[in-house]
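Report on one structure; see the data block that follows.
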Amino acid sequence: MSGEVDQIAGKAKELQGKVTGDKELESEGKTQQGAGDVEHAVGEAGDKLKGAGKALKDTADGH
């Protein structure tokens, strides 16, 4: 969930930077969005691994 928070906060910073002409804030927003994207992707990968692990366990248990 925090990946999504970083994505949204980063987009807001980027937009604020564009509106005010603050290139540093705009860049910071883009960076924060990128970090959020990575964090979100890692979370999704972890969820998929958990699902795969459960499926393997169920198969091994004969379910």
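No lab work stands behind these numbers, since they all come straight from the coordinates. Keep in mind that what you see is a predicted model, and the values were worked out from it rather than measured.
Using C-alpha pairs under 8 Å with a sequence gap of at least 6, the mean separation divided by the residue count of the range 2-60 gives a relative contact order of 36 percent. Partner lysines whose Cα lies under 22 Å from the Cα of LYS11, excluding those fewer than 8 positions away in the same chain, are identified as LYS23, LYS30. Note on P(r) over Cα pairs in 10 Å bins from 0, in percent: of the candidates (1) 16, 19, 16, 18, 19, 9, 3, 0; (2) 25, 29, 19, 14, 9, 4, 0; (3) 23, 48, 22, 7, 0, the value calculated from this structure sits at (2).
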